Amino acid sequence: MTHPTGRTADHAIDPIYLDRWSPRAFTGEAMPHETLLSLFEAARWAPSAANGQPWRFVYGHRGTEAFERIYNTLDEGNRRWADKAAVLAVIISQTHRQNAAGEMRPAYTHAFDTGAAWAYLALEATRAGYHAHGMGGIDREKAREVLGIPEGFRVEAALAIGKIAPKETLPEDLMKREVPSGRKKVEEFVSEGQFVP
């Protein structure tokens with residue numbers, strides 16, 4: 001199954017998985033707040049261990065102080081293009097949770113569950129005609145400080161959401177990279193009965 005993005009699925013899947021990719025070229029067009037809330041609503045329904053729902057998102061719409069605070073936590077490479085996103089956000093996970101006895105215990109699947117919430121959000125963004133680009137390049141300590149993130153929570157990544165723009169709006173070096181990426185074959189990461197590196 002070859003898709004208009006140029007991606008090819010070897011097995012039958014819904015086209016939304018091939019539609020979803022992480023562009024850097026955004027139009028700067030504002031995103032209606034209700035649309036953003038729909039993306040967070042999708043994240044809300046992600047699976048989580050013991051229904052702990054450890055994910056948190058701190059966001060800012062373009063043109064607001066919240067956006068600037070988040071933008072200033074990004075590394076230089078991401079700041080080159082993320083200023084044109086409609087929304088920036090920081091993805092946070094709760095690393096500990098209280099058990100029935102009131103004792104704080106490590107939440108071992110906090111990052112796993114938060115990743116599921118991010119994936120649901122990204123797919124809903126695609127369904128709504130937007131794109132979401134996750135970013136590992138963020139100053140996590142600065143984000144913790146400027147966003148008031150307490151102990152017991154970990155900054156996982158940053159996130160840019162927006163309407164896609166022509167790749168020609170990017171600096172030349174980024175323009176060359178502005179294509180949907182491929183993926184490893186299923187056989188490279190799946191094995192039956194025993195781990196295969």
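The values are calculated or read from the model by the stated rules, or taken from the named source; none is laboratory data. The structure displayed is predicted, hence computed values, not measured ones. Here Cβ is always computed from backbone atoms with ideal geometry, including for glycine, and neighbour counts include all displayed protein chains. Accessible surface areas use protein heavy atoms only, side chains included; no ligands, DNA or RNA. Shrake-Rupley method; radii C 1.70, N 1.55, O 1.52, S 1.80 Å.
Within the set of other residues whose C-beta is less than 15 Å from the C-beta of D10, count the net charge using Lys and Arg as +1 and Asp and Glu as -1. Numbers along the way, then the final one.
On the way: positive: R7, R183, K184, K185; negative: D14, E187, E188.
Summing Lys and Arg as +1 and Asp and Glu as -1 gives +1.
Summary value for the chain: 29 percent relative contact order, contacts being C-alpha pairs under 8 angstrom separated by 6+ residues.
Calculate, in whole percent, how much of the Cα-Cα pair population of the range 1-113 lies beyond 23 Å. Intermediate results must be reported in sequence, preceding the final value.
Values: 3222 of 6328 pairs.
Tail of the P(r) past 23 Å holds 51 percent of the pairs.
The peptide list 191-197, 109-115, put in order of mean Cβ contacts within 10 Å with the highest first, becomes 109-115, 191-197. Between E187 and D75, 0.36 nm times their residue separation minus their Cα-Cα distance comes to what? That works out to 36.9 nm of additional length. Rounded to the nearest 20 debye, the dipole size of the range 53-137 about its Cα centre is 100 debye, using +1 on the Cβ of Lys and Arg and -1 on the Cβ of Asp and Glu.
A full extension of the chain between I164 and S22 corresponds to an added length of 50.2 nm, given 0.36 nm per residue minus the alpha carbon distance.
The distance linking the range 6-74 with the range 141-197 is 11 Å (Cα centroid to Cα centroid, whole angstrom).
Which order do the peptides 79-86, 133-140 come out in when sorted by mean C-beta neighbours inside 10 angstrom, highest first?
Working: 79-86: 19.9, 133-140: 16.6.
Descending packing order for the listed peptides: 79-86, 133-140.
Between M175 and F40, what FRET efficiency follows from the Cβ-Cβ distance if R0 is 30 Å, with the result rounded to 0.05? So, using R0 = 30 Å, E works out to roughly 0.45. Candidates (1) 55, 47, 38; (2) 56, 51, 32; (3) 58, 36, 30; which is the computed Cα extents along the principal axes in Å? Answer label, from the structure shown: (2). Bridgeable lysines around K176 (alpha carbons under 20 Å apart, same-chain partners fewer than 8 residues away excluded): K84, K163, K167. Note on the chain: helix-only mean residue ellipticity at 222 nm, from DSSP H runs of 4+ residues weighted -39500 (n - 2.57) and normalised by residue number, equals -8000 deg cm²/dmol.
Count Lys and Arg as plus one, Asp and Glu as minus one, and take only other residues whose Cβ is under 9 Å from that of M31; the net charge is then +1. Helices meeting the span-like rule in the chain (full DSSP H runs, Cα extent of at least 24 Å along the helix axis, mean Kyte-Doolittle score of -1.0 or higher): 110-127.
Probing with 1.4 Å while keeping every protein chain in the model, the per residue accessible area of the chain equals 57 Å².
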